[in-house]
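Read the structure below first, then the notes.
The values are calculated or read from the model by the stated rules, or taken from the named source; none is laboratory data. No experiment lies behind these values; they were computed from the predicted model shown. As a convention, Cβ positions derive from the backbone with ideal geometry for all residues, glycine included, and neighbour counts pool all protein chains shown. Areas reflect the complete protein model, heavy atoms only, side chains present, ligands, DNA and RNA absent. Shrake-Rupley method; radii C 1.70, N 1.55, O 1.52, S 1.80 Å.
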Amino acid sequence: METSIWHALLYLVGILAFAGLNAAYLGYCERKGAARIQRRSGPTEVGYAGLLQPLADGIKLMSKQLLVPKGVDGIIFRAAPILAMVPAITSMAVIPFSGNIQARAMELSVLLLFALAALAMFAILLGGWASGNKYALISSTRAVSQTLAYEIPMLFTVITVVLISGSLNLQDIALDQQGGFWRWNIFRIENGHFLTMWISFLIFFICTIAETNRAPFDMAEAESELVAGFMTEYGSMGFGLFMMGEYLNIVVAACLTTVLFLGGWDCPLGLIPGVWWFLIKIYILIFTFIWIRWTFPRTQIYKLLNLNWKILIPFSMVNLLITAVLIKVF
Amino acid sequence: MGTENLPTSIVRFAQLDKLLNLGRANSLWPMTFGLACCAIEMMCTGGSRYDLSRFGAEVFRPSPRQSDVMIVAGTVNKKLELAVKTLYDQMPEPKWVIAMGNCAISGGPFKFKGNYNVIEGVDKLFPVDVYIPGCPPRPEALLEGIITLEEKITGKRRWPRVYAS
């Protein structure tokens with residue numbers, strides 16, 4: 001692993017560009033996707049097919065008055081939107097986009113990713129707390145209880161993957177799945193047993209939707225109950241940063257799902273692996289996120305927690321047990 | 001078109017102002033805010049037949065802090081006066097107001113001798129940029145109102161105006 005300054009600079013610029021482009025254009029994709037699902041056409045008039053829409057939104061958000069309301073905790077109020085962006089961008093440093101495109105190869109990259117994912121929750125908590133607004137406070141406490149609860153089944157399913165690969169390194173996990181879709185973790189056959197990894201995949205995917213606060217689990221910004229949730233007091237770019245952070249979290253979640261379950265940069269037919277397969281897979285997953293968001297109505301907070309504590313956690317624990325037994329005993 | 005409500009600053013940069021205004025005009029996020037039957041027409045404008053989202057104006061934000069234009073769609077009562085005014089005050093600059101429907105413009109059918117509870121025109125509470133007449137106005141009228149507001153911001157109309165012959 002070379003660690004020259006140019007290598008670091010190249011990846012810094014590359015990751016920032018990738019993150020910025022995704023954060024801006026996923027908003028556009030979401031509006032287009034929502035429009036298509038609701039039989040509308042979405043933004044069409046601003047630039048060709050509305051492609052300049054994110055630019056217009058960005059200009060507008062940046063030129064809007066930066067309003068810090070009376071009675072907020074000034075420093076935390078200003079720091080929270082930045083904190084929403086930083087963990088998402090940081091976690092891209094350890095994601096292997098391809099066999100040789102990875103900013104920093106780390107032995108414990110899975111662990112680092114989950115630590116950063118837990119940090120992303122603090123942005124919501126601090127933003128809601130510092131706003132001095134009851135809706136924001138309720139929303140942030142909801143978000144915390146939701147995120148904490150859903151981390152448990154998520155980690156249980158990740159343990160099944162780690163059991164199979166025997167490594168906490170994302171690069172090793174992806175390398176272990178090369179050579180066609182039948183070798184991916186989701187369809188994993190080990191010792192002649194077809195493992196129950198597709199259950200792991202389902203649980204993990206549901207948990208990523210809940211962790212990124214997306215509908216149908218967007219309890220944190222339930223408009224019908226909580227005005228705009230933790231973002232109620234944020235205008236202009238503070239709000240913009242929260243939105244960008246949300247989209248970046250989705251990108252990171254899609255990357256992680258791809259690496260852990262869908263073979264990373266591997267071609268489904270085992271022909272030519274490369275970074276394009278990785279991108280195709282993450283964008284299919286992101287499209288699924290958008291699809292789910294505009295198809296299902298929002299659940300309620302107690303149904304959300306019931307789903308987690310009564311269904312996902314027992315299933316993920318049993319799943320872990322079955323996987324471990326199939327791998328290690330038989 | 002009057003320009004008295006446009007945000008001003010002491011130092012002005014012509015090209016930058018143009019760019020900023022273009023950006024603002026093309027992402028007018030309205031507030032999720034409906035008072036009476038005009039709100040039904042406003043929802044219809046956002047729906048698939050008229051599709052407000054073509055102009056980038058479909059992002060109805062629930063919080064006044066994030067919205068740019070307030071579409072007062074319906075009758076404003078004395079009881080509601082304070083709430084509407086607070087919502088307007090909570091919006092950060094630059095902000096615009098569209099008075100949609102006759103009630104918001106002048107009190108409409110409620111303007112009569114002995115009226116005791118309806119505000120006769122929302123422009124008594126705060127400056128209004130675009131008036132859309134109708135009881136209620138059709139969705140096309142609201143679209144025209146949004147385009148007129150864009151014209152007011154940028155000084156240029158999106159499409160040439162077509163007059164009925």
Seminar exercise, completed: When the stretch B:12-62 is checked residue by residue, the ones that are open to solvent by 70 Å² or more (accessible area, probe 1.4 Å), polar (S, T, N, Q) and part of a helix (DSSP H, G or I) are B:Gln15
Exercise. Residue check: is A:Gln53 away from chain B (no Cβ under 14 Å), touching a residue at least 24 places away in the same chain (Cβ under 8 Å) and either more than 30 Å from A:Trp265 (Cα to Cα) or touching a helix residue (DSSP H, G or I) at 6+ places or on another chain (Cβ under 8 Å) (or both)?
Worked result: no
Problem set entry | Pairs, first more than 13 Å from chain A (Cβ to nearest Cβ) in the stretch B:23-50, second open to solvent by 10 Å² or more (accessible area, probe 1.4 Å) and among the β-branched types (Val, Ile, Thr), C-beta under 7 Å, six or more apart | B:Leu35/B:Thr75; B:Ala36/B:Thr75
Exercise. Mind checking which residues of the stretch B:71-87 are touching a residue at least 12 places away in the same chain (Cβ under 8 Å) and within 14 Å of chain A (Cβ to nearest Cβ)?
Worked result: B:Leu87
For this session: Name, by its number, the condition in (1) within 30 Å of A:Gln171 (Cβ to Cβ); (2) surrounded by fewer than 23 Cβ atoms within 10 Å (Cβ to Cβ); (3) at pLDDT below 85 that does not hold for A:Leu112.
Result: (3)
Exercise. Mind checking which residues of the stretch A:1-60 are part of a helix (DSSP H, G or I), over 25 Å from the mean Cα position of the chain (by Cα) and under 15 Å from B:Gly56 (Cα atoms)?
Worked result: A:Tyr48, A:Ala49, A:Gly50, A:Ala56, A:Ile59, A:Lys60
For this session: Please state which one of B:Tyr88, B:Tyr131 is at pLDDT 90 or above, under 14 Å from the mean Cα position of the chain (by Cα), among the hydroxyl-bearing types (Ser, Thr, Tyr) and in a helix (DSSP H, G or I).
Result: B:Tyr88
For this session: Report the residue count in the stretch A:182-199 for those that are closer than 17 Å to A:Thr288 by Cβ and in a helix (DSSP H, G or I).
Result: 2
For this session: From (1) touching a Gly at 6+ places or on another chain (Cβ under 6 Å); (2) surrounded by fewer than 21 Cβ atoms within 10 Å (Cβ to Cβ); (3) within 14 Å of another protein chain (Cβ to nearest Cβ), pick out the condition that doesn't hold for A:Glu225.
Result: (1)
For this session: Might you let me know whether the stretch A:237-250 holds any residue that is in contact (Cβ under 8 Å) with a residue 24 or more places away in the chain, within 22 Å of A:Thr157 (Cβ to Cβ) and in contact with a Leu (Cβ under 8 Å, 6 or more places away or on another chain)?
Result: yes
Problem set entry | Hits in the stretch A:171-182 - residues which are touching a Leu at 6+ places or on another chain (Cβ under 7 Å) and surrounded by fewer than 20 Cβ atoms within 10 Å (Cβ to Cβ) | A:Gly180
Exercise. If you check A:Leu163, A:Leu168, A:Leu137, which single one turns out to be open to solvent by 10 Å² or more (accessible area, probe 1.4 Å) and under 20 Å from A:Leu312 (Cβ atoms)?
Worked result: A:Leu163
For this session: Look at the stretch A:32-50 and say how many of its residues are open to solvent by 30 Å² or more (accessible area, probe 1.4 Å), within 7 Å of chain B (Cβ to nearest Cβ) and among the charged types (D, E, K, R).
Result: 2
For this session: Please indicate, with yes or no, whether at least one residue in the stretch A:243-250 is under 25 Å from B:Met91 (Cβ atoms), outside any helix (DSSP H, G or I) and within 14 Å of chain B (Cβ to nearest Cβ).
Result: no
Problem set entry | Unique residue being among the basic types (Lys, Arg) and part of a helix (DSSP H, G or I) when the list is B:Lys152, B:Lys113, B:Lys156 | B:Lys152
Exercise. Of all residues in the stretch A:61-88, which are open to solvent by less than 50 Å² (accessible area, probe 1.4 Å), within 10 Å of chain B (Cβ to nearest Cβ) and not in a loop (DSSP other than H, G, I, E, B)?
Worked result: A:Leu61, A:Ser63
